[in-house]
């Protein structure tokens, strides 16, 4: 599957992980599908039932009241355009799974958890490590 040049840095970063979970996939499935095409084991979640690409497993879940088993084997948990009120719950899930948490925000939203900032084609990717991140 072709992916936009806009997401190339994001895909390069996320493809370093073996198993990822996308939180809040919504209707934009291109990143999850492209990662799966690159050989990454991708699970997508959302609070609403969503149609996902054939190579992406979808599970309905809410990060505010998560099924922690769903995330247990993840190397990374990521979210695109994640609202600030969900940063802490998603980071808590990542920490519980000993996984990295990577996310982008919408517009001028700033991260609500301690992060490392990485400039990518699509803007800024925020990375909160599961180990050693205070907060």
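Things to note:
- For the range 35-74, the tally of residues that are touching a residue at least 24 places away in the same chain (Cβ under 8 Å) and part of a helix (DSSP H, G or I) stands at 5.
- All of 18, 55, 62 fail the test of being modelled with pLDDT of 95 or more, surrounded by fewer than 17 Cβ atoms within 10 Å (Cβ to Cβ) and either under 16 Å from residue 127 (Cβ atoms) or over 14 Å from the mean Cα position of the chain (by Cα) (or both), apart from 55.
- Single condition residue 54 does not satisfy, out of (1) touching a helix residue (DSSP H, G or I) at 6+ places or on another chain (Cβ under 8 Å); (2) closer than 19 Å to residue 29 by Cβ: (1)
- Within the range 109-135, being surrounded by 14 or more Cβ atoms within 10 Å (Cβ to Cβ), within 16 Å of residue 77 (Cβ to Cβ), over 15 Å from the mean Cα position of the chain (by Cα) and at pLDDT below 90 holds for one residue alone: 133.
- Of all residues assigned to the range 75-83, at least one qualifies as being surrounded by fewer than 17 Cβ atoms within 10 Å (Cβ to Cβ), out of contact with any helix residue (DSSP H, G or I) (no Cβ under 9 Å at 6 or more places or on another chain) and in a loop (DSSP other than H, G, I, E, B).
- Looking across 86, 106, one residue alone is buried (at least 16 other Cβ atoms within 10 Å of the Cβ), farther than 23 Å from residue 16 by Cβ and out of contact with any strand residue (DSSP E or B) (no Cβ under 6 Å at 6 or more places or on another chain). It is 86.
- Selection status of residue 31, surrounded by 21 or more Cβ atoms within 10 Å (Cβ to Cβ) and farther than 18 Å from residue 89 by Cα: yes
- Some residue of the range 13-23 being in a helix (DSSP H, G or I) and in contact with a helix residue (DSSP H, G or I) (Cβ under 9 Å, 6 or more places away or on another chain): yes
- Taken together, 113, 31, 127 contain a single residue that is touching a residue at least 12 places away in the same chain (Cβ under 8 Å), touching a strand residue (DSSP E or B) at 6+ places or on another chain (Cβ under 6 Å) and not in a loop (DSSP other than H, G, I, E, B), which is 127.
The values are calculated or read from the model by the stated rules, or taken from the named source; none is laboratory data. None of the values given here were measured: they were computed from a predicted structure. Note that we place each Cβ from the backbone using ideal geometry, even for glycine, and neighbour counts take in every protein chain shown.
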